[in-house]
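Worksheet: one structure, shown below.
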Amino acid sequence: MYYIFLFLHSSIRWFVLASLLYALYIAGRGLLQKEPFSAHANTVRQWTVTIAHLQLLVGMVVYIQGPFSFLHPFDGSYTILSDQLFFRYIHVFMMILAVVLITIGSAKTKRIADSSQKYQTMLCWFAVALVVLLLAIPWPFSPLAQRPYLRTF
């Protein structure tokens, strides 16, 4: 079961990144062209948050079932570039932070009346969340922890 959730977690990250990039594009275009905040932009905002929350839930299952959770003993390797330290602390904290930033940005955007302010709020919060996400993903070229672009069974 763990490997199924790990595969899902690895796959859903691409949907999170794609939806976040598309939401940033919509927000940037709407802000520059001074468009009214459309139903499409609102739908993109909602789907971006929904996909991010789904990824967080799948990630929590992977974390609880996986070898790096607090439920499993720590092997004592306290080096800076340890996989255990990265997945046990850095990855978890930064990903939760990114989802919180996306959620706050979405909630603030939803409550603003002015279209320009909506686009600007969405752009700022989602851009910061994207930076946090990109730093926390274990890319194949990352010095902290290397994982493939897409996991297989």
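The values are calculated or read from the model by the stated rules, or taken from the named source; none is laboratory data. Remember, it's a predicted structure, so these values are computed and weren't measured experimentally. When we count neighbours, we look across all protein chains shown, and the Cβ atoms used for this are built from the backbone with ideal geometry, even at glycine. To get the accessible areas, we keep the full protein, side chains included, count just its heavy atoms, and leave off ligands, DNA and RNA. Shrake-Rupley method; radii C 1.70, N 1.55, O 1.52, S 1.80 Å.
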Fill in the blank from the handout: Flagged pairs (Cβ under 7 angstrom, 6 or more apart or on separate chains; first in the range 113-136, over 17 Å from Met95 (Cα atoms) and of a type in the set (Lys, Arg); second open to solvent by less than 30 Å² (accessible area, probe 1.4 Å) and part of a helix (DSSP H, G or I)) are Lys118/Thr109
Handout entry: Considering residues of the range 100-115 that are of a type outside the set (S, T, N, Q), out of contact with any Lys or Arg (no Cβ under 6 Å at 6 or more places or on another chain) and farther than 16 Å from Leu24 by Cβ only, the residue most open to solvent (accessible area, probe 1.4 Å)
Key = Arg111
Practice task
Search the range 124-143 for residues being open to solvent by 50 Å² or more (accessible area, probe 1.4 Å) and in contact with a helix residue (DSSP H, G or I) (Cβ under 6 Å, 6 or more places away or on another chain), and hand back the single one that is nearest to Tyr2 (Cα to Cα).
Solution key: Val128
Problem - the range 5-51, residues that are free of Cβ contacts under 8 Å to residues at least 60 places away in the same chain and charged (D, E, K, R) - result: Arg29
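Every residue, every condition in (1) among the hydroxyl-bearing types (Ser, Thr, Tyr); (2) over 24 Å from Tyr119 (Cβ atoms), yes or no:
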{"site": "Met1", "(1), (2)": "no, yes"}
{"site": "Phe7", "(1), (2)": "no, yes"}
{"site": "Ser19", "(1), (2)": "yes, no"}
{"site": "Leu24", "(1), (2)": "no, no"}
{"site": "Gln33", "(1), (2)": "no, no"}
{"site": "Ser38", "(1), (2)": "yes, no"}
{"site": "Gln46", "(1), (2)": "no, no"}
{"site": "Thr50", "(1), (2)": "yes, no"}
{"site": "Met60", "(1), (2)": "no, yes"}
Fill in the blank from the handout: Subset of the range 1-38, residues of a type in the set (D, E, K, R) and either part of a helix (DSSP H, G or I) or open to solvent by less than 70 Å² (accessible area, probe 1.4 Å) (or both), comes to Arg13, Arg29, Glu35
Completion exercise
Among residues of the range 64-95 being open to solvent by 70 Å² or more (accessible area, probe 1.4 Å) and in contact with a Leu (Cβ under 9 Å, 6 or more places away or on another chain), the residue modelled with the highest pLDDT is Ile64
